[in-house]
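What follows is one structure encoded as structure tokens, with my remarks underneath.
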Amino acid sequence: MKIGILSTNRNLYSTKRLEESALKRGHEVRIINHKRVYMNIATHRPAAHLDGQELKGFDAIIPRIGASVTFYGTAVVRQFEMMGVYCLNESVAITRSRDKLRAIQLLSRKGIGLPVTGIANSPRDTDDLLTQVGGAPVVIKLLEGTQGVGVVLAETPKAAESVIEAFRGLDANFLVQEFIKEAGGADIRVLVVGDKVIATMKRQAKDGEFRSNLHRGGSAELVKITPEERSTAVRAARIMGLNLAGVDLLRSNHGPVVMEVNSSPGLEGVEKATGIDIGEKIIAYIEKHARPGNTRTRGSG
């Protein structure tokens with residue numbers, strides 16, 4: 001097969017591992033900087049171009065779209081969908097998972113466990129909003145934040161009001177969530193491919209930090225998850241429409257709760273923590289499912 005990896009940096013660990021795994025299994029691979037792809041939209045024959053050449057003949061595309069370029073990156077994915085190319089994660093699913101508010105609303109509608117979450121537009125509703133989520137301490141999250149950026153733990157009502165006031169002063173969109181104290185600064189990253197959990201790791205925040213992101217100095221180790229946690233992760237990925245997802249769970253007193261569903265999960269931390277060849281499992285999934293026109297949305301939506 002001819003596989004394209006949409007990535008702005010060919011030296012990233014995840015990009016290199018996917019390339020290595022595809023080459024090892026005998027496929028042709030091209031890494032495509034989606035920020036430099038250009039497209040002729042108003043045409044009867046959809047096409048994508050890079051450096052003066054048409055991008056054609058691909059059997060599958062693996063999107064590695066960073067949060068900062070979601071809009072243009074998903075437009076490129078959508079173009080490949082319209083060309084009939086199989087995309088591991090489709091444009092609609094990526095966009096859906098990146099919109100934190102929409103994702104939470106969809107997960108909630110399907111009965112997935114979530115932290116109690118609130119959102120309000122008017123400053124007059126701040127006090128009642130904090131009451132609705134159980135009062136301080138609360139976690140306040142920018143909707144556009146990634147890798148723990150824009151996530152604040154407000155330990156008192158006054159601190160929460162100050163953070164909310166500051167975010168509103170920046171015209172930023174944010175959520176307010178209950179703080180799951182019993183999680184102890186740890187979360188579980190569950191990697192889902194198709195309808196199967198292929199790897200799990202526990203991430204522990206460093207001392208004095210409540211965010212467990214590895215980019216913030218957190219540590220990772222292999223962890224065994226419960227059947228309920230496994231089912232929750234698989235269902236969350238399916239609800240988002242993602243064939244590849246990193247589902248972040250917290251262990252709360254009322255069962256597993258989903259914090260986020262990531263459409264471009266990093267492979268480095270989970271491969272090193274588990275010793276599992278994630279790249280090979282992703283390529284094997286593509287081999288089984290990639291065929292012309294096997295795209296649910298075909299560029300619509």
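Using the average count of surrounding beta-carbon atoms within 10 Å as a protection proxy, the listed peptides 183-190, 151-158, 51-58 rank, highest first, as 183-190, 151-158, 51-58. Residue pairs exceeding 19 angstrom between C-alpha atoms, taken from 141/196; 224/272; 56/288; 35/281: 141/196; 56/288; 35/281. Applying 0.36 nm per residue to the separation of residue 268 and residue 11 and subtracting their alpha-carbon distance, the gain on full extension is 91.3 nm.
Based on the Cβ-Cβ distance from residue 33 to residue 219, what FRET efficiency comes out when R0 is 30 Å, to the nearest 0.05? My answer for the efficiency is 0.40. The residues packed around residue 24, meaning those with a beta-carbon under 11 Å from its beta-carbon, carry a net charge of -2 if Lys and Arg are +1 and Asp and Glu are -1. If R0 is 25 Å, the Cβ-Cβ spacing of residue 238 and residue 204 corresponds to a FRET efficiency of close to 0.35. Couplings for segment 84-99, taken from phi via the Karplus curve 6.51 cos²θ - 1.76 cosθ + 1.60 with θ = phi - 60°, read x, 7, 5, 10, 3, 10, 7, 4, 5, 5, 5, 4, 4, 6, 6, 7 Hz in order; Gly and Pro are left as x. Once the chain from residue 23 to residue 168 is taken as fully extended at 0.36 nm per residue, the excess over their C-alpha distance is 47.3 nm.
None of the figures in this text is laboratory data; all of them are computed from the coordinates on show. Note that the coordinates shown come from a computational prediction; the quantities given were computed from them, not determined experimentally. Every residue, glycine as well, gets a Cβ built from its backbone with ideal geometry; the counts of neighbours run over all protein chains shown.
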